[in-house]
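Chemist: Before I ask anything, here is the structure I am working with.
Each reported figure results from applying straightforward, stated rules to the coordinates on display, with no laboratory input. Just so we're clear, the structure is a prediction, and the values are computed from it rather than from any experiment. As a convention, Cβ positions derive from the backbone with ideal geometry for all residues, glycine included, and neighbour counts pool all protein chains shown.
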There are 2 protein chains.
Amino acid sequence: MAQVDTVTRILDAAEELFAEHGFAETSLRTITTRADVNLAAVNYHFGSKKALIQAVFSRFLGPFYKLVESSLDSHEKMHPDSILSIEDILRFVARAMANVTQGDRNRLAIFMRLLGLAYNQGQGHLRKFLQTEYRSLFRRVMALITKATPDLQPVERFWRFHFMLGAAAFTLSSMENLRAIVEHDFDTKCTEEEVVGYLLPFLAAGIRAK
Amino acid sequence: MAQVDTVTRILDAAEELFAEHGFAETSLRTITTRADVNLAAVNYHFGSKKALIQAVFSRFLGPFYKLVESSLDSHEKMHPDSILSIEDILRFVARAMANVTQGDRNRLAIFMRLLGLAYNQGQGHLRKFLQTEYRSLFRRVMALITKATPDLQPVERFWRFHFMLGAAAFTLSSMENLRAIVEHDFDTKCTEEEVVGYLLPFLAAGIRAK
DNA sequence: TTTTGAGTTAAACGTATGTTTCAAACAGTT
DNA sequence: AACTGTTTGAAACATACGTTTAACTCAAAA
């Protein structure tokens, strides 16, 4: 076996390059070159480019999924019948993300960029893949949000949820650029934690507007 | 001259297809086929695909830009020294957008998609094009927002502004997809106006959180 | 009438893409 | 050491792309 698994090297390279340039704009040759792997390796190990894209998602979403599930489970075991506030829910999610991305600062931005692309990319196989593969987690979080915002109409809650998703995906995915602007315009540095600290109150206030 | 100008037919087709499938995923052949125009016409009239993308955007941005400027001008002439609320500012922008996009539903998605790409795409031609084309309007709106939120720290206002931008860009650019989900999950149809009607209170509440 | 020049057309060009092929190299088992 | 299934390697394949070319159309100017 090589120093690092071929599959892993491909996933690492693809993750970075997809986030940087998008899916259609990133060729398998660029990926395999950066991964220092033969071109055919992608089709051998993953089957197709589409499958590689989905694999990139799964590697991130899998651990994230389990972490959110387990932390929610343990919380519900300790505090049954408790109703989480929006802030609580967001903190749970944010903490899981921080845990999954820890060690690789760019990983959060990368994932958010992928998420944004997945939503925008036309009749994407990506969105359907995400929807079917991670429906139960989505529903569980959505159910918590529903309990936390009992006065909201379902449709409006749906839209506000995606407003939150958009605010997070957009800013966190271009965090690098935005932080550079902040440093230039305000002569201040922002850590990732500070940005998340700004974000969560914004989201919470937004979802219970009026 | 044909029934409709070749240039216009190309722009119309490109606008629809870009919104539907994205830029990289839309080929010139698809565009020229739908426009019922020869393939070479794009390169003859616009020079390149990049230039076509910018032209599509300019056709939207030009009128939008002028509309916001003039409506702000006339308001300031009628009510000098008045301080606009966040809701007022958002309504000005939304109304200009509605005016520019009226009659063609995809235009809003196009614009938002371009905006997202411009922010995400590291050093693409889009970002520079938008920055130079967009700057003075951006600064004017930002100044109004500053007056409307005097208690906010500049850095936090900067972030909250981009949270708003993100929520809008993300949801409006994938509005087609999201509306389909709403129709499937809630058995309800959402008009664009309704979505914007949901969006603005969310944004306003978010930017003055706490 | 002839000339001009912008507009259109069909075809081709060069390049880049995702994918496939098949022989060579490898690792583990007997 | 020989066999076996798995992984890699270099090359080719078929296709799709953006772009360019050069012949052609045709209305208006000279």
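Chemist: Per 10 Å bin, what is the whole-percent P(r) computed from every C-alpha pair distance within chain A?
Modeler: All Cα pairs, binned at 10 Å, distribute as 7, 30, 34, 20, 8, 1 percent.
Chemist: Placing +1 at every Lys and Arg Cβ and -1 at every Asp and Glu Cβ, with all other atoms neutral, what dipole size does the protein assembly as shown have around its Cα centre, in debye to the nearest 20?
Modeler: In total the dipole reaches around 340 debye.
Chemist: Sticking with this structure for a sec: Treat every Asp and Glu Cβ in segment B:38-115 as -1 and every Lys and Arg Cβ as +1, leave all other atoms uncharged, and give the resulting dipole magnitude about the Cα centre to the nearest 20 debye.
Modeler: Here segment B:38-115 has a charge dipole of around 560 debye.
Chemist: With no solvent and one point per C-alpha, what does the Debye sum give as log10 I(q)/I(0) for segment B:11-121 at q = 0.11 Å⁻¹?
Modeler: -0.44
Chemist: Hey, another quick one. Counting only other residues whose beta carbon sits under 15 Å from that of A:A35, what net charge do I get with K and R as +1, D and E as -1?
Modeler: -1
Chemist: Just to confirm a number: summing +1 for Lys and Arg and -1 for Asp and Glu over residues other than A:L152 whose beta-carbon lies under 10 angstrom from that of A:L152, what do you get?
Modeler: +2
Chemist: Let me ask you something else. Roughly how many whole Å is it from the C-alpha centroid of segment B:96-121 to that of segment A:36-102?
Modeler: If we compute the Cα centre of each part, the gap is 31 Å.
Chemist: Over chain A, calculate the relative contact order: mean separation of alpha carbon pairs under 8 Å at least 6 apart, over the residue count, as a percent.
Modeler: Relative contact order comes out at 20 percent.
Chemist: Give me B:D12, B:D5, A:D81, B:D151 sorted ascending by neighbouring Cβ count inside 10 Å, so fewest comes first.
Modeler: A:D81, B:D151, B:D5, B:D12
Chemist: Next up: What span do the alpha-carbon atoms of the protein assembly as shown cover on each of the three principal axes, reported in whole Å from largest to smallest?
Modeler: 66, 55, 50
Chemist: Dividing the Cα radius of gyration by the Kirkwood radius, what Rg/Rh value follows for segment B:130-210?
Modeler: Reported Rg/Rh, Kirkwood definition of Rh: 1.06.
Chemist: In addition: Please arrange A:T171, B:T101, A:T191, B:T188 by how many other C-beta atoms lie within 10 Å of their C-beta, fewest to most.
Modeler: Starting with the residue having the fewest Cβ neighbours, the order is A:T191, B:T188, B:T101, A:T171.
Chemist: Can you list, shortest first in nanometers, how far B:R105 lies from the same residue in the other copies, with each label 7 Å from Cα toward Cβ?
Modeler: When each copy's label point is compared with this one, the spacings are 4.4 nm.
Chemist: Hey, which of these cross-link pairs are over 29 Å Cα-Cα: A:K210/B:K147; A:K77/A:K189; B:K66/B:K147; A:K50/B:K49; A:K77/A:K147?
Modeler: A:K77/A:K189
Chemist: Can you sort B:Y65, B:Y119 by how many other beta carbons sit within 10 Å, fewest first?
Modeler: Fewest-to-most Cβ neighbours within 10 Å comes out as B:Y65, B:Y119.
Chemist: A further question on this structure: How large is the direction-averaged shadow of the alpha-carbon convex hull of segment B:1-67, in nm²?
Modeler: So the mean shadow area of the Cα hull is 4.8 nm².
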